[in-house]
1. Of all residues in region 302-323, count the ones that are away from the ligand (no atom under 12 Å from the Cβ) and touching a helix residue (DSSP H, G or I) at 6+ places or on another chain (Cβ under 8 Å).
2. Every residue in region 218-247 that is modelled with pLDDT of 80 or more and surrounded by fewer than 14 Cβ atoms within 10 Å (Cβ to Cβ), please.
3. Quick test for you: out of Gln304, Gln283, pick the one residue that is in a helix (DSSP H, G or I) and among the polar types (S, T, N, Q).
4. For Val326, indicate whether it is under 24 Å from Leu90 (Cβ atoms), hydrophobic (A, V, I, L, M, F, W, C), within 16 Å of the ligand (Cβ to nearest atom) and open to solvent by less than 20 Å² (accessible area, probe 1.4 Å).
5. Just checking, how many residues over region 107-132 are out of contact with any helix residue (DSSP H, G or I) (no Cβ under 6 Å at 6 or more places or on another chain) and open to solvent by 20 Å² or more (accessible area, probe 1.4 Å)?
6. List, please: which pairs have Cβ atoms under 8 Å, are six or more places apart or on different chains, and start with a residue in region 242-268 that is within 18 Å of Tyr278 (Cβ to Cβ) and end with one that is open to solvent by 70 Å² or more (accessible area, probe 1.4 Å)?
7. Being over 20 Å from the mean Cα position of the chain (by Cα), modelled with pLDDT of 95 or more and either assigned to a loop (DSSP other than H, G, I, E, B) or of a type in the set (A, V, I, L, M, F, W, C) (or both) is the filter here; which residues of region 19-68 pass it?
8. Quick one: is Gly206 without any contact (Cβ under 8 Å) to a residue 24 or more places away in the chain and over 29 Å from Lys121 (Cα atoms)?
Amino acid sequence: MASLRNTTDPGMLIDPFGRRIEYLRLSVADKCNLRCFYCLPEGHKDFEQPDHWLRFDEIERVIKAFAELGVGRVRLTGGEPLVRKNLHQLAASLSALPGIEDLSLSTNAVLLERHAENLFKAGVKRINVSLDSLNPERFKAITGGELAAVLSGLQAARRVGIAPIKINMVAMKGINDDEFENMVTYCLANDFTLRLIETMPIGSTGVTASDHYLDLQDVKKNLSERFDLIPGVMPGGGPARYMQMRNENLRIGFITPISQHFCETCNRVRLSVDGTLYMCLGQEDNMELRPLLRAGISDDGLKQAIFAAIALKPEKHEFKNKPGQVVRFMSMTGG
Ligand code: SF4
């Protein structure tokens with residue numbers, strides 16, 4: 001295998017398939033204040049113990065190393081990141097690191113009304129919010145939570161100036177596939193971007209969710225006819241393929257890991273709350289950084305470890321051939 005240290009730019013992370021890694025999804029909590037049936041099973045209590053969580057100073061060291069290796073995009077995820085105390089303090093120190101150009105957040109917005117202003121001041125300029133239904137009863141059935149809190153959180157984020165705000169809707173056959181048009185209308189009215197996501201067989205609940213798998217290629221065709229959509233683009237490092245309304249300022253993204261995967265352009269890895277670096281959402285290849293950090297590894301040693309980790313990055317997921325291969329719950333790495 002060719003050396004992974006990029007000879008042209010040693011400050012860059014290139015994986016074995018020639019893909020540049022420039023985006024890190026950082027899980028700051030595996031706990032969540034909701035129980036979406038496709039992510040965490042009802043009554044799940046087996047969360048990582050707090051003394052195994054990376055402390056803020058340890059997270060800052062890892063992100064600093066990644067930034068020096070050319071990773072300029074960091075997304076705060078969970079579980080639910082807003083359950084982690086003083087998250088705005090971490091956000092402020094990460095957004096101040098040289099090389100960090102883009103700090104974003106993925107949240108279920110249940111606590112967003114309380115935290116939006118502090119997060120915005122701390123450098124979180126754009127967010128993705130999980131919202132699978134606009135029907136309060138159905139929302140409760142899917143998540144176990146209250147829709148009203150999420151809608152208030154979204155309005156609070158808008159008020160403080162966070163933009164863009166993207167709505168992540170997991171598309172589920174027989175559950176919310178009659179709500180796409182309503183969600184488009186809601187996003188249009190609020191200047192939000194909508195992203196529809198195919199279910200993935202991750203964790204035991206993920207496999208169950210596949211019972212509701214919906215191929216988004218058909219949905220894309222129907223929505224394109226209904227709303228006169230044309231191909232569009234959207235800044236950001238994620239996997240969505242965008243369409244946009246011809247005469248309106250609305251974009252709809254389609255995240256299709258099953259029907260049309262995007263692994264050939266993968267640019268990301270994930271760090272879980274306990275400091276495990278996962279090379280791929282759909283595979284188990286990983287490296288534990290916490291023991292290295294707590295053993296006093298040097299900054300250079302940490303970068304060497306990151307290079308070695310990227311050498312483990314697999315080419316793609318195998319959701320179709322090996323559904324259920326990934327046993328960890330989505331909440332461990334945050335999608
Ligand atoms: S499944 Fe793995 S290789 Fe494919 S896009 Fe996601 S993280 Fe990248």
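The values are calculated or read from the model by the stated rules, or taken from the named source; none is laboratory data. Only a predicted model underlies this, so the values are computations on that prediction, with no experimental measurement involved. Note: ideal-geometry Cβ built from the backbone for every residue, glycine included; neighbour counts use all protein chains shown. Protein only, heavy atoms only, side chains kept; ligands, DNA and RNA dropped before computing areas. Shrake-Rupley method; radii C 1.70, N 1.55, O 1.52, S 1.80 Å.
1. Total satisfying the criteria: 5.
2. Asp218, Lys221, Asn222, Glu225, Arg226, Asp228, Ile230, Pro231, Arg246, Asn247
3. After applying the criteria, what remains is Gln304.
4. no
5. Here the count works out to 5.
6. His261/Lys316; Cys263/Glu315; Cys263/Lys316; Cys266/Lys316; Asn267/Arg20
7. Arg55, Ala65
8. Here the answer is no, as Gly206 does not meet what is asked.
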